[in-house]
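Here's the structure, in structure tokens; my notes come after.
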Amino acid sequence: MHTARAVAITLFCIVGLSLAVNAQRGPSTKSRPWLIAHRGASAYAPENTVPAFQLAAEQGADYVEFDLQLTKDRQIVCLHDNSLERTTDVEQVFPDRFRKTGDGAQATQRWMLSDFTLAEIKRLDAGTWFAPKFKGTRIPTFAETIDSLRGRSGLFIEVKSPELYDGIEKLIVAELEAKGLARPGADPKTPVLIQSFSAPSLQIFTNTIGTKLPVHFLVSVRDAAPWMTSDGLAKMKAFATGLSPEKTIVSNQPELVARIKAAGFPITPYTFRASAVATGYTDVTAEMSHFIDGVGVDGVITDNPDKMPGRAGVVPRYDP
């Protein structure tokens, strides 16, 4: 009895470790496609906020994607834009704290994140712009984001505009270390992946800091050409373990998928939205299905995690 029990426990541990390691290596065509919620379930709740993150987890997201930047006092917070006016009430709370860019009729006012401390950021309403019922929602810190998702979903971290924030890479890794998540497989229920549009920033993660976490290179249509060549993919191999291309890159050149996979990169294109379905598809579920089953990508980044093929139909906690 004791021998059989020991064998069973050993097998259980081996299987658990194998699943954890595979989760950290990246999506695989041998497993179900990864469902990555873009800025949380951002079609139904304000992007990059705890309500959007929690809803994404409820809708079955394997990973929740979010953007990280630094405040004036170098605290890590979740925000997509470099400025605050689109997704907060900063114009009402701090009416005189803007920067003016441009001249004459082209002049604009922008309330830059880097001009505000975390304490000031926490005074802003980051929910009412989306819907009145989200009034009082705040911009979360990186630590608060981890806490809201830990054990429920993976972290698909985008380092936003790292050229504006010297040392942000070390701060992100330090926070992951503080949370016990800086190593692959550290928490099988909360795998971690880092991505950015900045090759230099990813080089800092992989070559300077030496992270072993998966690292994806985000590539837009505008910047794709030099990277989609054999030489470009070889250069990418020096700092990335995966590729997150703008979906148009894949749809325009589906033959690239075989070349990218031959280079050893999993592919997770962005962004699939029910509000902006590409021509030729009946809905976003059909569009994602084509990319997964027809083109062969390994996962999708979407505003609508509840519309994922094979996992559609999850009832959102909040109405759109």
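The numbers here are math on the coordinates, done by the rules we state, and not lab data. Since this is a predicted model, take the numbers as computed values, not measurements. Note: ideal-geometry Cβ built from the backbone for every residue, glycine included; neighbour counts use all protein chains shown.
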Practice prompt. Tell me, yes or no, whether the range 158-171 has at least one residue that is buried (at least 21 other Cβ atoms within 10 Å of the Cβ), among the charged types (D, E, K, R), part of a loop (DSSP other than H, G, I, E, B) and touching a residue at least 60 places away in the same chain (Cβ under 8 Å).
Written response: yes
Practice prompt. Looking at (1) without any contact (Cβ under 8 Å) to a residue 60 or more places away in the chain; (2) farther than 24 Å from Ala56 by Cα, find the lone condition where Gly151 falls short.
Written response: (2)
Item to complete: Quick one: which residue in Leu113, Leu79, Leu84, Leu70 is surrounded by 20 or more Cβ atoms within 10 Å (Cβ to Cβ), touching a Gly at 6+ places or on another chain (Cβ under 9 Å) and in contact (Cβ under 8 Å) with a residue 12 or more places away in the chain?
Response: Leu70
Worksheet item: So, in the range 237-278, of the ones that are touching a strand residue (DSSP E or B) at 6+ places or on another chain (Cβ under 6 Å), of a type in the set (Val, Ile, Thr) and assigned to a loop (DSSP other than H, G, I, E, B), which residue ends up farthest from Val64 (Cα to Cα)?
Response: Thr241
Fill in: Total residues in the range 75-118, condition part of a helix (DSSP H, G or I) and out of contact with any Ser or Thr (no Cβ under 6 Å at 6 or more places or on another chain)
10
Worksheet, complete the sentence: Note on the range 160-215: residues among the hydroxyl-bearing types (Ser, Thr, Tyr) and out of contact with any helix residue (DSSP H, G or I) (no Cβ under 8 Å at 6 or more places or on another chain) are Ser161, Thr206
Worksheet item: Would you call Thr241 over 23 Å from His80 (Cβ atoms) and among the hydroxyl-bearing types (Ser, Thr, Tyr)?
Response: yes
Worksheet entry | Residues located in the range 283-309, provided they are small (Gly, Ala, Ser) and not in a loop (DSSP other than H, G, I, E, B) | Ala286, Ser289, Gly294, Gly299
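Pick out the one residue from Ala61, Ala56 that is under 20 Å from Thr271 (Cα atoms), in contact with a Pro (Cβ under 9 Å, 6 or more places away or on another chain), touching a residue at least 24 places away in the same chain (Cβ under 8 Å) and part of a helix (DSSP H, G or I).
Ala56
Here is a yes/no grid of residues against (1) surrounded by fewer than 17 Cβ atoms within 10 Å (Cβ to Cβ); (2) part of a loop (DSSP other than H, G, I, E, B); (3) at positive phi:
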residue	(1), (2), (3)
Ala126	no, yes, no
Asp147	yes, no, no
Glu175	no, no, no
Leu181	no, yes, no
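Check whether at least one residue in the range 209-227 is within 21 Å of Ile172 (Cα to Cα), of a type outside the set (Asp, Glu) and assigned to a helix (DSSP H, G or I), and report yes or no. Reasoning before the result, please.
Within the range 209-227, the first condition is being within 21 Å of Ile172 (Cα to Cα), and the residues that meet it are 209-218.
Remaining after also requiring of a type outside the set (Asp, Glu): 209-218.
With assigned to a helix (DSSP H, G or I) added as a condition, the list becomes 209.
Yes: one or more hits.
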Worksheet item: If you take the residues in the range 285-306 that are over 13 Å from Arg273 (Cα atoms) and charged (D, E, K, R), which one is surrounded by the most Cβ atoms within 10 Å (Cβ to Cβ)?
Response: Asp298
